[in-house]
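> Submitted below is the structure of interest, expressed as structure tokens.
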Amino acid sequence: MTRLSIALALSLLAGSAWAQATVVPQVSGVDVRLRGISAVDANVAWASGRAGTVLRTVDGGATWQAMKVPGAGELDFRDVEGFDADTAVVLSIGPGQASRVYRTVDGGATWSLALQNDDERAFLDCMAFDGQRGWLMGDPVDGAFQVYASADGGASWTLQPAGMPPAEKDEAAFAASGTCIATTPWERRIIVTGGGAARILMDQAGSPAWTAHATSIPARVPAAGIFSAAPAGDDMLLVGGDFEQEATGSAALVVADGEGGLHVARLPDPNGYRSGVACAGSAQPQCVAVGPNGVDLLSGGRWQSLSATGYDAIDLAGNVGWASGDQGRIARIEITPTP
């Protein structure tokens, strides 16, 4: 039964051969590294990065408005989650008080501080939302990963009670694209890790407990493991690799068995280390992965190169989205399924 479900899932991904995608560079107007991207729809998107930078477009990327969050000029915003043209939350990373969440409800005219970490041992990494419900994760403190939750669109956050399995030695999450925590088609959350171990951590319904699941994706301290997770139809797609060896990438498909178990099937390696992935479609998902040496489309069960230009993060809203990266790079991604 498990082998059959994985075979069916893999066959759907193989169907992405019936798709094409384009990568169209746009002008962001900034030159900082942009590791956060959030596509609201075909016209509205948010991006974030170093030097407290936040960008927004409301015209499909024809123009990008740059804004600064007051008091955040030294921060690195690694994740942004946009709800609409007016509302967004951004997460900065770093030890202690450098890890913060800010929120705007007026298109970036004003910002409120929603969360500031005061624990010098803590380091926040990434966020995920399902409507107004949100989850934010951080690297291990006292031997276990931290999780915060929000019920009001990121306006307030609560550190969740203990429930994480012990972290492996030197295990951590990668704040490379804001996608090391993700919501799933199974109404669960997963966290993906690397360094000392490349594992999947999944929460349990009605319980603070999370369970740990091993994978065969290579891990290495401090640079290799799983970097990004995204829904792919009824399953989850994982990508990663080694950021110190950019030609080395990895990918896997995760299938849930409905009884709290996960089954991980390795996919062909992408064309290099991939820090972000996003998928469109449900019956036949089309998935695009990005990394510092290029952009790939999962096509016919293999990775087809779309561009040799590097990007760090990607997000899709239907068949349209954006990728962002170093030196202020932003590109519009459009997927065209063909009958």
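> Could you tell me how far the Cα centroid of the stretch 35-56 sits from the Cα centroid of the stretch 197-217, in Å?
Each part's Cα centre sits 29 Å from the other's.
> Grab the other residues whose beta carbon is less than 9 angstrom from that of Ala114, score K and R as +1, D and E as -1, and report the net. Mind showing how you got there, number by number?
Numbers: positive: Arg100, Arg103; negative: none.
Taking every Cβ under 9 Å from that of Ala114, the sum is +2.
> Given a 10 angstrom Cα cut-off, can you work out which residue in Val320, Val277, Val239 is the most mobile in a GNM of the chain?
Between Val320, Val277, Val239, it is Val320 that shows the largest mean-square fluctuation.
> Label Glu246 and Gln204 with points 7 Å out from Cα along Cα→Cβ: what is the distance between them in nm?
Going by the 7 Å Cα→Cβ label model, 4.3 nm.
> Where does each of 39-50, 112-123 land if you order them by average Cβ count within 10 Å, highest first? All intermediate terms of the calculation are to be shown ahead of the outcome.
Numbers: 39-50: 23.6, 112-123: 15.8.
So the peptides 39-50, 112-123, ranked by packing, come out 39-50, 112-123.
> Now for a separate question. First select every other residue whose beta carbon is under 15 angstrom from the beta carbon of Ala313; then total the charges, Lys and Arg +1, Asp and Glu -1.
Numbers: positive: Arg33, Arg35, Arg50, Arg78, Arg274, Arg329, Arg332; negative: Asp76, Asp79, Glu81, Asp125, Asp296, Asp312, Asp315, Asp326.
Taking every Cβ under 15 Å from that of Ala313, the sum is -1.
> Could you give the length gained on full extension between Ala144 and Thr22, defined as 0.36 nm per residue of separation minus the Cα-Cα distance, in nm?
Once the chain is fully extended between Ala144 and Thr22, it gains 39.8 nm.
> Between Ala62 and Ser305, what FRET efficiency comes out of the Förster formula 1/(1 + (r/R0)^6) with R0 = 30 Å and r the beta carbon distance, rounded to 0.05? Intermediate values should be presented prior to the final figure.
Details: r = 27 Å, r/R0 = 0.89.
Working from the Cβ atoms, E equals 0.65.
> A follow-up question, please. Please list, in order along the stretch 53-70, the HN-Hα scalar couplings obtained from phi with the Karplus expression 6.51 cos²θ - 1.76 cosθ + 1.60 (θ = phi - 60°), rounded to whole Hz, x for Gly and Pro.
Those phi angles translate into 8, 10, 10, 9, 10, 10, 10, x, x, 4, 9, 10, 9, 8, 9, 10, 8, x Hz.
Every number in this text was worked out from the coordinates using simple rules, so none of it is lab data. From a predicted model like this one, the values you see are computed outputs, not experimental measurements. Quick reminder, even Gly has a Cβ in these numbers, built from the backbone with ideal geometry, and neighbours come from all protein chains shown.
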